[in-house]
Amino acid sequence: MKNYTLLLTLFAVSCTAGLKISKSFNKQKQQIPGRIECEYYDTGGEGIAYHDADSINNGSGKLNPVNGNPLHEFRMKEGVDISYTKTGGIDNNPHNKVVRDSNQLYVGWTMPGEWINYAVRVTETAVYQLGVMYTANGDGIISFDLDGRPVAPQLKISSTYNSQDTVAWRQWHHWNKTDSLTSIKIRKGIHTLTLHIVDHGQMNFDYLEFTRK
Ligand SMILES: [Ca+2]
Ligand SMILES: [Ca+2]
C-alpha cells in the first residue's frame, strides 16, 4: 500500500512539473476593474498562452517591417498577429464610430478557433460590465472563459463594415467601442481570462474594459 501511495505521489508531482501554464506579460498582471490591453496577452507561446491559426506575426515584422520602431516589432516572433493604429486616413478615417488615438497596439488577423489568455488581478468581487474597442469586417462571435470555464454566453461583435467606404482594406479599420457587451461576475483574486474567437473572425481588438456595474 505504501508503495502504491508513493507511486501516486510521484505521478502527481511529475504531472505538476510537466504542466505548462501561461504567465503574465512582463510579469505584470493587468487589473480589473480597468483596461485589459489585448496585445499584453500571456507568455508561454502557442497552445499555452494562445492558439493562433499560423505561427507568424502577420503585423509586427511583416505588414509593419523591422525598422527599429518598437511598434513595428512588438512581439514579432510570436504567432498572435499585432498591429497599431495609424494616421493618414488608415485608422483615423471618417467611418470610425469613435475617435481613435494613433499608435495603439491591437490584436488583428483574427480567425475562428483562435484563443488568447490574459492573467488578470481582480481587486474586488463584483459584477463587471465588459466593453470592447474593436473593428469587425462582418458580424463576429466571441466568448470568454475564466480559469477555463465559460463566464458568458457567446457574444456578438457587431459589424463595422460600411459600404460607403470604397477603400477595400479600410473595412478592417472602422473602429467602434461597445461599453456593455455583457456583464460578468468575477471574484477578487488572480484569474486567467481567455478570449475565444468563435465565428467569422476578421476582427481587431485594441482593449477590453471592465467597469463596475
Ligand atoms: Ca499568426
Ligand atoms: Ca491595445
Response to the item:
Among the residues of region 93-111, the number that are within 16 Å of ligand 2 (Cβ to nearest atom) and under 20 Å from Thr160 (Cβ atoms) is 13
Worksheet, complete the sentence: Restricting attention to region 187-205, the residues that are over 26 Å from Thr125 (Cα atoms) and either buried (at least 17 other Cβ atoms within 10 Å of the Cβ) or of a type in the set (Phe, Trp, Tyr) (or both) number exactly 7
Discussion item. Looking at the structure I just gave you, is Trp175 within 16 Å of ligand 2 (Cβ to nearest atom) and in contact with a strand residue (DSSP E or B) (Cβ under 7 Å, 6 or more places away or on another chain)?
Written reply: yes
Worksheet item: Only one of (1) under 12 Å from the mean Cα position of the chain (by Cα); (2) under 17 Å from Gln202 (Cβ atoms) fails for Ala119. Which number is that?
Response: (2)
Worksheet entry | Condition met for Asn64 (of a type outside the set (D, E, K, R), modelled with pLDDT of 95 or more and touching a His at 6+ places or on another chain (Cβ under 6 Å)) | yes
Worksheet item: Across region 112-151, which residue is farthest from Ser24 (Cα to Cα) among those that are surrounded by fewer than 16 Cβ atoms within 10 Å (Cβ to Cβ) and of a type in the set (Gly, Ala, Ser)?
Response: Gly138
Worksheet item: If you check Thr182 against the conditions, is it within 22 Å of Ser55 (Cα to Cα) and more than 16 Å from ligand 1 (Cβ to nearest atom)?
Response: no
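The values are calculated or read from the model by the stated rules, or taken from the named source; none is laboratory data. If you're wondering where the values come from, they're calculated on a predicted model, not measured in any experiment. Using ideal geometry, Cβ is built from the backbone for each residue, glycine included, and neighbour counts are taken over all protein chains shown.
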